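Q: This is the structure I want to talk about, given as structure tokens.
Just so it is clear, none of the values below were taken in a lab; they were calculated from the coordinates. Note that the structure is a prediction, hence the values are computed from the model and not measured. Every residue, glycine as well, gets a Cβ built from its backbone with ideal geometry; the counts of neighbours run over all protein chains shown.
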Amino acid sequence: MSKYEVIVLFDSFRGNEHLIQELTYLVSSGKMPHGIAIQSEIGQGGGFFSKLLAQTYLDDQNDLVLRGIHPDCIMIEGSGSSGDISVQTVRDALYEANKATVTTEGKRVVLIQHAEHLNQSSSNALLKMLEEPPQGVVFILTVKDKYDLLETI
């Protein structure tokens, strides 16, 4: 993916030009870190931006990530009235992340929306995978306040 194509994908997001410039460089140069946390207040675009980043990393020209149907983008959200993300949900996603990718490039994204809803057990399960991530897998977390995450994450 050329730098120009990356910029075009980010064009639908306004603001944070320095962040977009840095992420554009990381994606186009193949130097994406295996984990990124995006801190944003609810309603400020963090969820949308995280999907744009996943779409860009996966070189998704058909907006499958934005529509929530990309086969190599594993989306995790809380459930129930509390919105908690269970340890089983995290384990299932990590199991999927270790499978072969559908795309030919071997890239996969685990997108965790509202990561502040990870409990102690699910945070520890995620931490194990973050310590030794599978090849080509990028974890993108959105969080209202980074201090709501385990310090080690």
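Q: Could you tell me the calculated FRET efficiency between D59 and D92, based on Cβ-Cβ distance and R0 = 25 angstrom, to the nearest 0.05?
A: That gives a FRET efficiency of 0.50.
Q: Any chance you could count the Lys pairs in the chain whose alpha carbons are under 24 Å apart, treating pairs 8 or more apart or on different chains as valid?
A: Taking the chain as the scope, the lysine pair count is 18.
Q: So if R0 is 35 Å, what FRET efficiency would V102 and E22 give, r being the distance between their Cβ atoms, rounded to the nearest 0.05?
A: 0.80
Q: May I pose another question? Please list the non-local residues whose amide H lies under 5 Å from the amide H of V110, H modeled 1.01 Å from N, same-chain partners needing a gap of 5 or more.
A: Sorted by chain and number, the residues that satisfy this are I74, V138, F139, I140.
Q: Excluding the sites themselves, what is the longest stretch of the chain that contains no GluC sites (Glu not before Pro) in a DSSP loop with at most 10 other C-beta atoms within 10 Å?
A: 42-150
Q: Ok, one more. Per-residue HN-Hα couplings for the stretch 50-57, Karplus 6.51 cos²θ - 1.76 cosθ + 1.60 at θ = phi - 60°, whole Hz, x for Gly and Pro?
A: Listing the rounded values in order: 5, 5, 4, 5, 4, 4, 5, 4 Hz.
Q: What residues qualify as long-range amide H neighbours of A37, i.e. H under 5 Å apart, gap of 5 or more or another chain, H built at 1.01 Å from N?
A: Placed amide hydrogens put L141 under 5 Å from A37.
Q: Shifting gears a bit: State the Kirkwood hydrodynamic radius of the stretch 16-75 in Å, one decimal place, computed from all pairs of distinct Cα atoms.
A: Averaging 1/r across every pair of different Cα atoms and inverting gives 12.3 Å.
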